[in-house]
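Below is one structure, written out as structure tokens; comments come after it.
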Amino acid sequence: MARNNKNNNMSMEERGRKGGEATARSHDKDFYEEIGRKGGEATARSHDKDFYEEIGRKGGEATARSHDRDFYEEIGRKGGEATANSHDEDFYEEIGRKGGEATARSHDKDFYEEIGRKGGNARQNNNNNNK
């Protein structure tokens, strides 16, 4: 069988780019959402919690190497705004209660004495600065 050699001078990268462009022209957003969903489901079936923890850790490390403090402040601000826009007072009461319960389970009396002392010192310093 004869092969068409017209692409012999094209790099693998160039062939991939052209193929991707052709695919993008012939498929819509729904196509990509569907293949993404199927791929995600297949990955979930074949991998466990450790896999996801590992790729999350690696992704976090890579992001930390390539972004600065301003990046994290910006995404934190945006996330906080999005959460505030989509949740009500009950949500914040519930997560506050859960957080308080978790903290109480994992810390002893010394912890609470220490944070109370630090809070009292900070308040006293703040009051002295405002006089």
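Quick grid of which residues meet (1) among the basic types (Lys, Arg); (2) surrounded by 10 or more Cβ atoms within 10 Å (Cβ to Cβ):
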{"residue": "Arg37", "(1), (2)": "yes, yes"}
{"residue": "Ala42", "(1), (2)": "no, yes"}
{"residue": "Lys78", "(1), (2)": "yes, yes"}
{"residue": "Glu81", "(1), (2)": "no, yes"}
{"residue": "Glu89", "(1), (2)": "no, no"}
Residues (of a type outside the set (D, E, K, R), within 25 Å of Ile95 (Cβ to Cβ) and open to solvent by 80 Å² or more (accessible area, probe 1.4 Å)) located in the stretch 44-74: Tyr52, Tyr72
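The values are calculated or read from the model by the stated rules, or taken from the named source; none is laboratory data. What you are looking at is a predicted structure, and each value in this text was computed from that prediction instead of being measured. Note: ideal-geometry Cβ built from the backbone for every residue, glycine included; neighbour counts use all protein chains shown. Surface areas here come from the heavy atoms of the whole protein model, side chains and all, with no ligands, DNA or RNA. Shrake-Rupley method; radii C 1.70, N 1.55, O 1.52, S 1.80 Å.
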